[in-house]
Amino acid sequence: MSLDREQPGTVESIYRLEAGFALAADRSIYTPGRFQGEPITLPCNAYLIRRAGEWTLWDTGMPDELALEPEGRIIAHGLRGILPRTLRSQLQEIGVVPDDIGTVILSHGHFDHVGNAALFRHATWVLQSAEFDAMVGPDAARHGYRPELYEGLRDARLLLLDGDRDLFSDGSVSVIATPGHTPGHASLLVRTQGGRAIVLSGDVAHSSFNLEHRYVPTMNADAEASRRSMERIVDLVREEDAELWINHDPGHATAVPAGRAIFGW
């Protein structure tokens, strides 16, 4: 799949922000039939993007208040969230305050991705219509959402999508519809003037192992849609000759130093 663009992209830098750790007592929830009873710790990340002199945030991490609980807390799907560093403090280290961020793009509505929604009341929020409907619908808890974390989104400026979108009409940041993990999950394709392409795949797969073997976690909303989205991401990475950054994969997460900009594209 190739997304046309009207003019060259203008992404200037990306920062990886540490968004906490999710601890599962049984790894097999991500790999049904494999690794039963083994504990696993998944790193969580958010990404701050500077484009045309403006700030865009991809996901918001676990709620900052969790940093006050050293042992963390079980929040959803039996996962214990632990937050060593707040998102606000990491933004401050970069020289950014929440009101500087004009656009927040959500991969989906789980607690480790939308936990700091309340920090960005002045931003325009971009997400799939199917995701928003599920997040505020009667079955929110069944999908693992915690509506108290994003109550303000009902009154926020929303850009609801029904599929792919070249967000700024210049090819720099494209939202890619990849449902399955949740009803309206999305991924992100970032292009740069230097020709570099990066795919932020969100939770299409929780590790490179899961992606390679097409394991669908037990909590996913739609197993067949999940596999189709995995195939789509693999095809996109190949067609765009892109780097793949899997949100929860330890190797992918640490490949990009936290809080340091990637320049020179």
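The values are calculated or read from the model by the stated rules, or taken from the named source; none is laboratory data. Just so we're clear, the structure is a prediction, and the values are computed from it rather than from any experiment. Quick reminder, even Gly has a Cβ in these numbers, built from the backbone with ideal geometry, and neighbours come from all protein chains shown.
For region 47-67, enumerate the residues that are loosely packed, with under 15 Cβ neighbours inside 10 Å and within 25 Å of A140 (Cβ to Cβ). If the condition is that a residue be loosely packed, with under 15 Cβ neighbours inside 10 Å and within 25 Å of A140 (Cβ to Cβ), then E65 is the only one that fits. Pairing residues of region 16-28 that are over 15 Å from P217 (Cα atoms) and among the acidic types (D, E) with residues that are part of a strand (DSSP E or B) and at pLDDT 95 or above, at Cβ distances under 6 Å and at least 6 apart in sequence or on separate chains, gives no pairs at all. None of V175, V190, V234 is out of contact with any helix residue (DSSP H, G or I) (no Cβ under 6 Å at 6 or more places or on another chain), of a type outside the set (G, A, S) and more than 21 Å from D112 (Cβ to Cβ) except V234.
For the condition of a type outside the set (V, I, T) and under 28 Å from R34 (Cβ atoms), G180 qualifies.
One residue stands out among those in region 78-101 that are small (G, A, S) and farther than 22 Å from Y145 by Cα: the one that is surrounded by the most Cβ atoms within 10 Å (Cβ to Cβ), which is S89. Among the residues of region 204-227, those that are assigned to a helix (DSSP H, G or I) and either touching an Asp or Glu at 6+ places or on another chain (Cβ under 9 Å) or buried (at least 20 other Cβ atoms within 10 Å of the Cβ) (or both) comprise S208, F209, N210, L211, S226.
Contact map, region 185-199: first residue closer than 22 Å to G144 by Cα and in contact (Cβ under 8 Å) with a residue 60 or more places away in the chain, second residue β-branched (V, I, T) and assigned to a loop (DSSP other than H, G, I, E, B), Cβ cut-off under 9 Å, separation 6 or more or different chains; pairs are H185/T178; H185/V204; A186/T178; S187/T178; S187/V204. If only residues of region 102-156 that are small (G, A, S) and in contact with a Pro (Cβ under 6 Å, 6 or more places away or on another chain) are counted, the one that is surrounded by the fewest Cβ atoms within 10 Å (Cβ to Cβ) is A140.
Residues in region 84-118 that are of a type in the set (D, E, K, R) and closer than 17 Å to I49 by Cβ: E93, D99, D100.
Within region 184-197, if we keep just the residues that are in contact with a strand residue (DSSP E or B) (Cβ under 7 Å, 6 or more places away or on another chain) and closer than 26 Å to A221 by Cβ, the residue that is surrounded by the most Cβ atoms within 10 Å (Cβ to Cβ) turns out to be A186. Scan region 128-143 and tell me whether some residue there is farther than 18 Å from L48 by Cβ, in contact with an Asp or Glu (Cβ under 6 Å, 6 or more places away or on another chain) and in contact (Cβ under 8 Å) with a residue 60 or more places away in the chain. Scanning region 128-143, I find no residue that is farther than 18 Å from L48 by Cβ, in contact with an Asp or Glu (Cβ under 6 Å, 6 or more places away or on another chain) and in contact (Cβ under 8 Å) with a residue 60 or more places away in the chain, so the answer is no. The strands (runs of 3 or more DSSP E) found wholly in region 56-144 and carrying at least 1 residues that are at pLDDT 95 or above, more than 20 Å from H206 (Cβ to Cβ) and out of contact with any helix residue (DSSP H, G or I) (no Cβ under 8 Å at 6 or more places or on another chain) occupy 101-105, 124-128.
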